[in-house]
1. Arrange the peptides 372-383, 341-352 so that the one whose residues have, on average, the most other Cβ atoms within 10 Å appears first.
2. Give me 86, 179 sorted ascending by neighbouring Cβ count inside 10 Å, so fewest comes first.
3. I'd like to know how the stretch 369-463 sits against the 2.2 N^0.38 Å rule of thumb: what's its Cα Rg over that expected value?
4. Can you bin the stretch 84-212 into rounded, prolate or oblate? Criterion: square roots of the alpha carbon gyration tensor eigenvalues sorted a ≥ b ≥ c, rounded for a/c under 1.5, prolate for a/b above b/c, oblate for the rest.
5. Which of the peptides 166-174, 43-51, 421-429 is most tightly packed, and how do the rest follow, judged by the mean count of other Cβ atoms within 10 Å per residue?
6. If we restrict to alpha carbons, what Rg and Dmax does the stretch 210-259 come to, in Å?
7. Is the stretch 297-397 rounded, prolate or oblate when judged by the Cα gyration tensor, a ≥ b ≥ c being the square roots of its eigenvalues, rounded requiring a/c under 1.5 and prolate requiring a/b larger than b/c?
8. Would you please put 119-131, 393-405, 274-286, 234-246 in order of how densely packed they are, using the mean number of other Cβ atoms within 10 angstrom per residue and starting with the highest?
């Protein structure tokens with residue numbers, strides 16, 4: 001009896017095992033997976049990214065045909081959006097560290113928010129701001145500001161969030177912000193301390209990776225550093241840079257990470273479309289650098305922010321308005337040898353040059369600023385006045401009453417000693433320094449001018465020393481040589 005029972009049990013167990021094996025084979029054959037690991041469909045994600053906005057809320061308007069400006073950036077993004085896109089800035093959005101740039105940066109942050117940016121990173125220009133100023137900007141920003149390796153020197157606390165998780169569809173995306181700090185120590189704003197980027201990432205990435213399906217690094221760094229970071233940190237899926245000379249021509253792959261980057265002072269928008277799934281590495285589908293051409297209309301909501309900045313900077317006393325602050329740039333114990341006297345002091349002794357100047361656009365340079373309500377904007381004033389930013393030069397409080405327009409001293413330099421010498425002061429021996437095309441290119445360069453050519457730019461303003469009857473035959477005028 002016991003033998004029959006044992007035989008029955010053996011047959012029953014064999015039957016159960018056979019049934020289990022058949023079910024397992026059926027599951028494998030039909031492609032079914034266990035309920036606890038459901039198949040996730042591949043998902044397409046689009047990253048729009050910018051870098052080096054450099055304070056360009058709108059094109060300055062120095063000439064027609066200018067590319068760029070956040071005004072055009074918004075117009076493009078308004079036509080591109082979808083539910084699975086991400087909008088990110090990699091850094092250097094501010095124009096500089098001066099107080100008027102901070103006023104403008106607050107409007108730039110509002111512009112990022114209007115364009116629905118998911119996060120922005122801090123760059124080296126932002127890192128030149130004092131800690132107190134930067135903390136205030138980060139806290140009041142309407143768009144998340146990231147940076148993993150910039151800290152308060154006293155407290156050791158991070159200036160901004162190191163990273164944050166953003167979800168698109170079923171994908172959890174960790175956005176990490178950082179900057180390459182090599183050579184930055186002497187430029188850091190008061191009260192700031194910077195940690196090298198590798199140390200910061202080594203500390204935070206092991207904590208970030210388990211919480212995310214994708215890890216994206218916004219790295220304000222050069223191409224060599226971007227590649228180095230990809231090799232060093234396997235946790236990274238995508239690196240967007242950077243501190244580069246020109247936008248990427250194609251997406252690069254290094255280790256597990258894709259690398260893409262852009263720059264160009266708000267004139268270029270990077271686009272990277274990828275396919276993501278949990279079963280395979282992220283795959284690039286489309287890379288593009290969209291140029292913000294002059295044919296793209298300018299968005300009026302961003303134009304309004306640009307107007308707000310110019311209104312605020314007109315109403316605000318800035319450090320350039322304080323003569324005592326301007327004296328701080330002078331060498332202690334050394335007085336300036338000459339001061340600005342104004343173009344009117346030159347005209348009577350230089351009648352031929354005066355006629356040329358009066359017919360030129362230089363004589364109306366300040367008027368062009370007034371038409372654009374930019375006559376109080378410190379970014380524009382230097383190339384439309386005489387000596388702005390120097391103690392004896394143009395000041396905003398003059399409101400265009402003197403030292404306005406591009407005058408004789410804009411190129412030749414302060415003329416007080418020359419005037420005294422010509423009036424008979426024998427104690428003075430003075431000569432203006434020679435000038436050449438490089439002096440013109442202090443203002444006539446980049447987006448602020450059509451491509452400079454001496455052969456095209458000089459003839460309309462050609463003039464020489466009075467009494468010679470000659471003007472400059474080539475690179476230098478006779479007046480520029482004496």
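No lab work stands behind these numbers, since they all come straight from the coordinates. Computed from a predicted structure; not experimentally measured. Glycine also receives a Cβ, built like all others from the backbone with ideal geometry; neighbour counts cover every protein chain displayed.
1. Values: 372-383: 19.2, 341-352: 15.9.
Ranking, from highest mean packing down: 372-383, 341-352.
2. Ascending number of Cβ neighbours within 10 Å: 86, 179.
3. 1.24
4. Numbers: a/c = 2.17, a/b = 1.20, b/c = 1.81.
It is oblate, given that a/c is not under 1.5 and a/b is not larger than b/c.
5. 43-51, 166-174, 421-429
6. Gyration radius and largest Cα-Cα distance of the stretch 210-259: 10.5, 35 Å.
7. Values: a/c = 3.42, a/b = 1.22, b/c = 2.81.
It is oblate, given that a/c is not under 1.5 and a/b is not larger than b/c.
8. For the peptides 119-131, 393-405, 274-286, 234-246, the packing ranking is 119-131, 234-246, 393-405, 274-286.
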